[in-house]
Amino acid sequence: MATAYLSHGLFKAHRMQPDHPESPQRLVSIEDRLQEAGLMDILVYREAPIATREQLERVHTARHIDELAELSPEEGLVPIDPDTYMCPATLEAAWRAAGASVLAVDMVMKGQVKNAFCAVRPAGHHAERDAAMGFCFFDNVAVGAAHSLEEWGLERAAILDFDVHHGNGSEDIFRDDPRVMVCSVYQDPLYPYSGSPGIPGRLVNVPVAPGTAGPAWRHAVTDAWFPAIEDFRPQLIILSAGFDGHAADPMAELLLTEADYGWLTDQLIALAERHANGRIVSCLEGGYDLQALSRCVAAHVRRLAGV
Ligand SMILES: [Zn+2]
């Protein structure tokens, strides 16, 4: 069965400061690399739709949704925090980034595709129930997970977050929801300086020190994530797919390579086969070295597509 690729032209219209590392060029480099590798030809492309308000309100407050609409500028940039800005295209891009994960969940649940990669901007995993932060406005993976529970009646979904930064938004949103497992592996200390001790078997935080390389990172994930995922038996796996743990990434100090992301993808595919009928929805989060990012995404998507 095929792999879906969800994106939208507007994701490249969302811009922050001119020299901001979270740039439209990230998606250009990913698309170029997938094209070069011949992967685009075998992926099922869909435009990311605009999420509905109901879908957003499952995980965000009405106040937060309304506030972003009010802040959205007609021209120029509006700061949300010292690193996060809205331009005129940001609001619709954020609604569509959330909509991508909703459509991806629908496609894998209907069996139209085996799995899906959502090439979105803005990213999502730092957005909390009531706050935008850290380049994120709505928590895209959280919107997708909530959709799988409410629309498809799943009893257990897992959000697995391998971005180098802790997924504080997903933790904030699902901390008290026994239907959703949240696993995160991240550099510590590093922005956003969060990550609670966790909840055994359901909220699994795995901090690793700056300078950690592939072998130790693989051990940490193998020891902490995999037994918990086996026990939780998620019916759907949703990935916060950040590639900023790569050794070349300017935002953090881990020493991962594309082989490490390929390895993890293989492990998660095997877990999804055992528990979730293979269903994986992967949503882009971070990754700021354009060459490394595009190589990592290609390694990830190649495995999702099974080629
Ligand atoms: Zn990140």
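The values are calculated or read from the model by the stated rules, or taken from the named source; none is laboratory data. Note that the coordinates shown come from a computational prediction; the quantities given were computed from them, not determined experimentally. Note that each Cβ is placed from the backbone with ideal geometry, even for glycine, and that neighbours are counted across all protein chains shown.
Of the residues in the range 284-306, how many are touching a residue at least 60 places away in the same chain (Cβ under 8 Å) and touching a helix residue (DSSP H, G or I) at 6+ places or on another chain (Cβ under 7 Å)?
11
I need the full set of residues from the range 219-246 which are touching a strand residue (DSSP E or B) at 6+ places or on another chain (Cβ under 7 Å), under 23 Å from Pro189 (Cβ atoms) and either within 15 Å of the ligand (Cβ to nearest atom) or assigned to a strand (DSSP E or B) (or both), in order please.
Ser240, Ala241, Gly245, His246
Could you list, in sequence order, all residues of the range 284-299 that are out of contact with any Gly (no Cβ under 7 Å at 6 or more places or on another chain) and within 21 Å of His165 (Cβ to Cβ)?
Leu284, Tyr288, Asp289, Leu290, Gln291, Ala292, Ser294, Arg295, Val297
Residues in the range 5-16 that are within 15 Å of the chain's Cα centre (by Cα) and surrounded by fewer than 23 Cβ atoms within 10 Å (Cβ to Cβ): how many?
0
Could you identify the single residue in Pro178, Pro189 that is part of a loop (DSSP other than H, G, I, E, B) and either away from the ligand (no atom under 15 Å from the Cβ) or in contact (Cβ under 8 Å) with a residue 24 or more places away in the chain (or both)?
Exactly one residue qualifies, and that residue is Pro178.
Could you list, in sequence order, the residues of the range 129-175 that are of a type in the set (Val, Ile, Thr) and farther than 16 Å from Cys283 by Cβ?
Hits for the range 129-175: nothing passes.
Please go through the range 259-268 and give me each residue that is away from the ligand (no atom under 16 Å from the Cβ) and in contact (Cβ under 8 Å) with a residue 40 or more places away in the chain, ordered by number.
Of everything in the range 259-268, those that are away from the ligand (no atom under 16 Å from the Cβ) and in contact (Cβ under 8 Å) with a residue 40 or more places away in the chain turn out to be Ala259, Gly262, Trp263, Gln267, Leu268.
Take the residues in the range 270-283 that are touching a helix residue (DSSP H, G or I) at 6+ places or on another chain (Cβ under 8 Å) and free of Cβ contacts under 8 Å to residues at least 60 places away in the same chain, then tell me which one is nearest to the ligand (Cβ to nearest atom).
Leu271
Could you grab me the full set of residues in the range 95-115 that are closer than 21 Å to Lys12 by Cβ and without any contact (Cβ under 8 Å) to a residue 60 or more places away in the chain?
Within the range 95-115, Trp95, Ala98, Gly99, Val102 qualify.
Residues to consider are Gly195, Gly214; find the one that is away from the ligand (no atom under 16 Å from the Cβ), surrounded by 15 or more Cβ atoms within 10 Å (Cβ to Cβ) and either farther than 29 Å from Met109 by Cα or at pLDDT below 95 (or both).
Step by step, each of Gly195, Gly214 is checked, and only Gly214 is away from the ligand (no atom under 16 Å from the Cβ), surrounded by 15 or more Cβ atoms within 10 Å (Cβ to Cβ) and either farther than 29 Å from Met109 by Cα or at pLDDT below 95 (or both).
Just for the range 173-189: of the residues that are buried (at least 20 other Cβ atoms within 10 Å of the Cβ) and within 29 Å of Pro250 (Cβ to Cβ), which one is farthest from the chain's Cα centre (by Cα)?
Step by step, filter the range 173-189, then rank; the result is Gln187.
If you go through the range 143-171, how many residues are within 15 Å of the chain's Cα centre (by Cα) and either part of a loop (DSSP other than H, G, I, E, B) or within 16 Å of the ligand (Cβ to nearest atom) (or both)?
Residues meeting the conditions: 13.
Which one is surrounded by the fewest Cβ atoms within 10 Å (Cβ to Cβ) among residues in the range 128-137 that are part of a loop (DSSP other than H, G, I, E, B) and away from the ligand (no atom under 16 Å from the Cβ)?
Asp130
Tell me, please, whether a residue that is within 19 Å of Leu268 (Cα to Cα), in a loop (DSSP other than H, G, I, E, B) and away from the ligand (no atom under 15 Å from the Cβ) can be found in the range 200-207.
The answer is yes, given that some residue of the range 200-207 is within 19 Å of Leu268 (Cα to Cα), in a loop (DSSP other than H, G, I, E, B) and away from the ligand (no atom under 15 Å from the Cβ).
If we keep just the residues of the range 250-273 that are part of a loop (DSSP other than H, G, I, E, B) and farther than 13 Å from Thr212 by Cβ, which is farthest from the chain's Cα centre (by Cα)?
My answer is Pro250.
I'd like the full set of residues that are without any contact (Cβ under 8 Å) to a residue 60 or more places away in the chain and crowded, with 23+ Cβ neighbours inside 10 Å, limited to the range 147-170.
Listed by number, the residues that qualify are His166, Asn168, Gly169.
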